[in-house]
Amino acid sequence: MYRKKNCGLTLIELVIAISLLGMVVLSALAINMSSERFLRRQNVESQITNLASVALEQIIKDITLSFGNPPGTGGPAFDILLPPGSAPAGNQLNLRRFDVAPDGASANDRWVGYQFNNNSIEFNSNVLGGGSWVTLIGHVPNPINPIFQEIDTNLIRVEITCRQDPAQPQSIANPQVTIVSAAHISSAASN
């Protein structure tokens, strides 16, 4: 008897091959989507960090350029305003600011202020004289939990925690970034 050889694929072999190919394609798509999500999150975090860093650098610069005696000794260099229940950290920092420290500094000297208000970072160049608050940087991510904290007699810690949308919970699309720095305030000049 003469038998003809089968050279084709059976239906079961074909279904198995298509299933394996489908799993390989789906795995590649999952890796690609995960990579895109990761890159998108890193991009958002980088933008938030860059914008918040500009504000932090300006605040730290003014802290290091402020001048005065330790608080409570006449002519303090800074004042941290504490909202109720927030001690020992506050949402507003006032600094006595000089580019060159003059002799006989008094409480009426130039003061600058920083505050977190309405989800923005604001600056006032004449805070004790009733100057107006202006947004320090436009389009800054909305800060949450801003903190000015006196660590030592003339050392101030600044912490800014930001999300792109603070009303929404932290997520891949709305990452949270915290930047922290501290700076020393100059002491009174010796004569």
message: Could you list, ordered by first residue, the pairs with Cβ atoms under 6 Å in which the first is in region 179-191 and loosely packed, with under 14 Cβ neighbours inside 10 Å and the second is at pLDDT 80 or above and of a type outside the set (F, W, Y), at least 6 apart or interchain?
response: V180/E159
- prompt: Among the listed residues L56, L82, L26, which satisfies the condition of being at pLDDT 80 or above and either farther than 19 Å from H184 by Cα or surrounded by fewer than 16 Cβ atoms within 10 Å (Cβ to Cβ) (or both)?
  reply: L26
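Residue-by-condition table, conditions (1) surrounded by 17 or more Cβ atoms within 10 Å (Cβ to Cβ); (2) modelled with pLDDT of 80 or more; (3) within 23 Å of E57 (Cβ to Cβ):
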{"position": "V100", "(1), (2), (3)": "no, no, yes"}
{"position": "N124", "(1), (2), (3)": "yes, yes, yes"}
{"position": "V140", "(1), (2), (3)": "yes, no, yes"}
{"position": "P175", "(1), (2), (3)": "yes, yes, yes"}
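The values are calculated or read from the model by the stated rules, or taken from the named source; none is laboratory data. Remember, predicted model here, so these are calculated numbers, not experimental data. Backbone-built Cβ (ideal geometry, glycine too); neighbour counts: all protein chains shown.
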